[in-house]
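None of the figures in this text is laboratory data; all of them are computed from the coordinates on show. These figures come from a predicted structure and were not determined experimentally. Cβ sites come from the backbone with ideal geometry, for glycine too, and all protein chains shown count toward neighbours.
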Amino acid sequence: MRAARLIKMVLLLQSRPSMTAAELARELEVSERTVTRDAQALSEAGVPVYAERGRAGGYRLVGGYRTRLTGLARGEAEALFLSGVPGALREMGLEDAASAARLKVSAALLPSLRDASRTAAQRFHLDAPNWFREPETPDLLPAVADAVWDDRGVAARYRRGTDEVVRELEPYGLVLKAGVWYLCARVAGDGPFRVYRIDRFTAVEAGGARFVRDESFDLPAFWAERAEQFARSILRAEVVVRLSERGVRGLPYAVDALSAREALGAADGPDADGWVTVTLPVESEEVAHAQLRGLGPEVEVLAPAALRERFARDARRLAGLYGG
């Protein structure tokens, strides 16, 4: 571990003009006393680390010293391409690999470009989870991620309803959707590709052999197709509603955005009152009731009759609450 830390210290000093003991201690996750000892060890090994005392002092490399220990390992190179998703890297156990890769790239850059990673990080950040939801990292995610990176088959135990099933899987890719992790995998033996929620795995055991990856598999395209299929599969009912101009604007935010756009696109123009009538695919009357209530008086349910009556009861209760 100390050797890796010393290399990281050299790379840090190579990528910046100078660093204080406190800055190095924070980056290396050690004490300032350990930084002092490590700097002395590097100096004794022939690395020209120079310590400047005083308020503006710190550690720096002298004489234009550059290490050649900048070659990226495969894991570091793969993690580097995910470095814009720091939360996902941390959950998959790749944070250290990504940090090492960024250091090596910074050390290889021209001095004028070495602050590129910092300036980019201060201007762009991806926050994947939904609002008002505390993200949870599935316990088995790092094991699944290791198998994905290594093209190694797994024996997985998976919750399906109240039962548990065991599958031999070839894990092809991971997807983080709105704070939830999914595995796109093929059932071993040229089986179909399927999607599994990582938090429903109860056990994962990596096999000894690697599988031969189908190079024609396109993870983004596969996920987009399956996501659309899923969205359409749950829309098993229809409701007919009238929408005000404000209701039309708010519909894509109240229900499934794709079904809202398609319903509005197929609708006729506004009536004499400026309202638009649409036939809207929904998951169920229960779900439609919960979703459309958010539009308040900007929506009128025309059919089915049972759903219209539910909204009528809501209106009477509201009138009773606010009428006085």
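Is any residue of region 18-62 close enough, with backbone N under 18 Å, to a label point placed 7 angstrom from the Cα of Arg2 along the Cα-Cβ axis, and if so, which? Answer for this model: 25, 28-47, 49. Within region 169-254, the proportion of C-alpha pairs whose separation exceeds 23 Å stands at 43%. For Ala319 and Ala178, a Förster radius of 30 Å and the Cβ-Cβ distance give a FRET efficiency of 0.20, rounded to the nearest 0.05. Here the gap between Leu219 and Arg26, fully extended at 0.36 nm per residue and compared with their Cα-Cα distance, gives a gain of 65.7 nm.
Between Arg236 and Arg293, the modelled labels are 2.3 nm apart [label points 7 Å from Cα along Cα→Cβ]. Stretching Val166 away from Glu286 to a fully extended chain increases their span by 39.8 nm, per 0.36 nm per residue minus the current alpha-carbon distance.
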